[in-house]
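Visitor: I'd like to ask some things about the structure below.
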Amino acid sequence: MKYGVVVVICFLVFGGCTTVQKGAAVGGATGAAIGAIIGHQSGETGEGAAIGGAVGAVTGALIGEQLEVKFCPECGKGYTEGVKFCPACGRELQYKKR
């Protein structure tokens, strides 16, 4: 029951996030968990989680940024390949030049 509530909250929170924000959040959480496990082996669980979370968040944001290949010419928000029109303003999305 407790994990189901956490999953529902995550869906509600991340539902409106951009790809970069989702990548940073998932990377940070994953990095913190892995860092805590590794840090626990040396008696530094908190420090391991903090370092792992920071590294994971930066890495996740960088990966999320690479997934955004389209942008809205009006509001400038980035979107993934599958989105054709901007959900915020309705304009047709354009491809980013790489």
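Read-outs: derived from the displayed coordinates by stated rules, not from any lab. The structure presented is a predicted model; accordingly, all values stated were derived computationally and were not measured. Backbone-built Cβ (ideal geometry, glycine too); neighbour counts: all protein chains shown.
Visitor: May I ask you to compute the full-extension gain from residue 55 to residue 95, defined as 0.36 nm times their residue separation minus their alpha-carbon distance, rounded to one decimal in nm?
Guide: Between residue 55 and residue 95, full extension yields an extra 11.5 nm.
Visitor: Can you give the net charge of the other residues whose Cβ lies under 12 Å from the Cβ of residue 88, counting K and R as +1 and D and E as -1?
Guide: Spelling it out: positives minus negatives among the neighbours equals +1.
Visitor: How about the stretch 46-86: which trypsin sites (Lys or Arg not before Pro) there are in a DSSP loop, with at most 13 other Cβ atoms within 10 Å of their Cβ?
Guide: For trypsin sites (Lys or Arg not before Pro) across the stretch 46-86 that sit outside H, G, I, E and B with at most 13 neighbouring Cβ atoms in 10 Å, the list reads 84.
Visitor: Right, next: With charges set only on the Cβ (+1 for Lys and Arg, -1 for Asp and Glu), what does the dipole of the stretch 43-83 come to about its Cα centre, in debye to the nearest 20?
Guide: Its charge dipole is roughly 140 debye.
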